[in-house]
Amino acid sequence: MFCFFLSIKGKTQVGPPELKCASVTSTNSAFISWVIPPDPSGLFTQYQIWSSAIQSGPYSMIGTVNVYTQSSFTQTPSNANLQAQYYYVTTVSGTNTSIPSDTIRSIYLNLNNTGNGVINLNWNATHNPLLPSSATTYTLSRKTLSGTWSPIYIGPKLNYKDTIYLCTVYYDYKVEISDGAGCVSQSNINGDL
């Protein structure tokens, strides 16, 4: 973990938090979490959360957090259920704003039913390369509408082919990857017959 302070015209600036996870929490919301930066001088004013559908931007500020010890933000509404979203956070200290945090991307799970009993699934990484604190394996899980989630793939790949033997059963799928900070990034839920 790296944390730093910036000196701007003799004033100390609290650095940005370290983004760790981004999860699609429903059809219209996403949740991001971070590690709080040190602020021994008590200069913190707020976190500013920024988002874009494209890594190169433009980014729009989607919210603020005015509590220093809060380490998460829920974006509602969010398009993360429709496509991956990029996020970064800045820290405001008085009238000074930190550099942006590293960018993290929500996981978007694509599903293609080939019609011959094979479902092609692919997804994006949260960061490239993965953050040093991130697990190196993804867990792809599947469930029927009335069932419980069961892992069908655990590994480093960003794709999987699922063979379906009962073509009249509707399956939902999701992908997760954990982080050493104690959070989990979860994809949208996608399903098909």
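The values are calculated or read from the model by the stated rules, or taken from the named source; none is laboratory data. Computed from a prediction, not measured in an experiment: that's the story for all the values here. Glycine gets a Cβ as well: all are built from the backbone with ideal geometry, and neighbour counts include every protein chain shown. The accessibility values were calculated without ligands, DNA or RNA, using every heavy atom of the protein model including side chains. Shrake-Rupley method; radii C 1.70, N 1.55, O 1.52, S 1.80 Å.
For Asp162, state whether it is in contact with a Lys or Arg (Cβ under 6 Å, 6 or more places away or on another chain), of a type in the set (Asp, Glu) and open to solvent by less than 50 Å² (accessible area, probe 1.4 Å).
no
Out of Ala135, Ala84, which single residue is surrounded by fewer than 20 Cβ atoms within 10 Å (Cβ to Cβ) and either in contact (Cβ under 8 Å) with a residue 40 or more places away in the chain or among the acidic types (Asp, Glu) (or both)?
Answer to the check: Ala135.
Whether any residue in region 137-153 is under 22 Å from Glu18 (Cβ atoms), out of contact with any Phe, Trp or Tyr (no Cβ under 8 Å at 6 or more places or on another chain) and assigned to a loop (DSSP other than H, G, I, E, B) is what I want to check.
Taking every residue of region 137-153 in turn, at least one turns out to be under 22 Å from Glu18 (Cβ atoms), out of contact with any Phe, Trp or Tyr (no Cβ under 8 Å at 6 or more places or on another chain) and assigned to a loop (DSSP other than H, G, I, E, B).
So, in region 109-120, exactly how many residues are open to solvent by less than 20 Å² (accessible area, probe 1.4 Å) and assigned to a strand (DSSP E or B)?
Counting residues in region 109-120 that are open to solvent by less than 20 Å² (accessible area, probe 1.4 Å) and assigned to a strand (DSSP E or B) gives 2.
Looking only at residues that are of a type in the set (Val, Ile, Thr) and out of contact with any strand residue (DSSP E or B) (no Cβ under 6 Å at 6 or more places or on another chain) in region 60-69, which one is least open to solvent (accessible area, probe 1.4 Å)?
Taking the candidates together, the pick is Val67.
Does Trp123 satisfy the condition of being among the aromatic types (Phe, Trp, Tyr) and open to solvent by 60 Å² or more (accessible area, probe 1.4 Å)?
Against the criterion (among the aromatic types (Phe, Trp, Tyr) and open to solvent by 60 Å² or more (accessible area, probe 1.4 Å)), Trp123 does not qualify.
Which residue, of Ser101, Ser72, Ser41, Ser26, is surrounded by fewer than 21 Cβ atoms within 10 Å (Cβ to Cβ) and at pLDDT 95 or above?
Exactly one of Ser101, Ser72, Ser41, Ser26 is surrounded by fewer than 21 Cβ atoms within 10 Å (Cβ to Cβ) and at pLDDT 95 or above, namely Ser72.
Being hydrophobic (A, V, I, L, M, F, W, C) and not in a strand (DSSP E or B), is that true of even one residue in region 154-164?
Yes, there is a match, as at least one residue in region 154-164 is hydrophobic (A, V, I, L, M, F, W, C) and not in a strand (DSSP E or B).
Give me the pairs, please: first residue somewhere in region 112-124 and at negative phi, second residue anywhere and among the basic types (Lys, Arg) and assigned to a strand (DSSP E or B), beta-carbon distance under 8 Å, and either six or more positions apart or on two chains.
Val118/Lys161; Ile119/Lys161; Asn120/Lys161; Leu121/Lys161; Asn124/Arg105
Is one or more of the residues making up region 147-160 among the β-branched types (Val, Ile, Thr), modelled with pLDDT of 95 or more and touching a Gly at 6+ places or on another chain (Cβ under 7 Å)?
no
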